[in-house]
1. If I take every Cα pair under 8 Å that is 6 or more residues apart in segment 66-112, average their sequence separation and divide by the length, what percent do I get for the relative contact order?
2. Mind checking which of ARG110, ARG95, ARG65 has the largest fluctuation in a GNM of the chain, springs on alpha carbons under 10 Å?
3. Taking Cα pairs under 8 Å and at least six residues apart, what relative contact order does the chain come out at, in percent?
4. What is the local net charge at PRO115, summed over the other residues whose Cβ is closer than 14 Å to its Cβ (Lys, Arg +1; Asp, Glu -1)?
5. How far apart, in nm, are the 7 Å Cα→Cβ label points at LYS82 and GLU101?
6. Pick from GLY109, GLY23, GLY122: which is most flexible by mean-square fluctuation in a GNM of the chain where alpha carbon atoms under 10 Å apart are linked?
7. Please determine, in degrees from 0 to 90 and to the nearest 10, the orientation of helix 12-63 with respect to the longest principal axis defined by the Cα atoms of the chain, where the helix direction is its Cα long axis.
8. Mind sorting out which of [x] 0.96; [y] 1.42; [z] 1.00 is the real Rg/Rh (Cα atoms, Kirkwood Rh) computed from the coordinates?
Amino acid sequence: MPMHRTVRGFTLIEVILVLLLFGVVVAVAAVSLTDGMSSARVRSAGYDLVAALRYTRAQAIVTRRQQALELDIEARSYSAPKRDVVQLPRNVELRLLTAAEEQTGASSGRIRFWPDGSSTGGRIKLVYGAQAWDVEVAWLTGEVRLRPGEATP
């Protein structure tokens, strides 16, 4: 009596479809992870900027002399007194709204703090794609805050 064996397995088309589906899932996950990391970098840059502004304010109070945080919009960088220049992450746009007297050039400006803690005030916006963070400096108190913003042009 002849024995018939049934071979069970996958066809080549089924294997290719599974591999293709797996590739799509991996690609979507990679893009999502990259966007999440970029978002975290922008938020981290905002926290660093807030720290630099608070440091500048503290220096004005401690030294009893006015101090300023300098911003270069075009170069996407800033510097606090007696500190190195900080370069923002790639693809992060920097915007500055401050008093006209504090605009030091076509693409540069500053936020100044006085010994009593007050400041010229202003808003610095960090934008990455559709995400934005606003760093607000109150002119009367010099208080510095970071909050989510809108990436409007």
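No value in this document is a laboratory result; all are computed from the given coordinates. Note that the structure is a prediction, hence the values are computed from the model and not measured. Cβ sites come from the backbone with ideal geometry, for glycine too, and all protein chains shown count toward neighbours.
1. The value is 44 percent.
2. ARG65
3. Answer for the chain is 19 percent.
4. Computed value for this residue: +3.
5. Those two pseudo-labels are separated by 2.6 nm.
6. For the chain, modelled as a Gaussian network with Cα springs under 10 Å, the answer is GLY23.
7. 10 degrees
8. Step by step, Rg/Rh (Cα atoms, Kirkwood Rh) for this structure corresponds to label [y].
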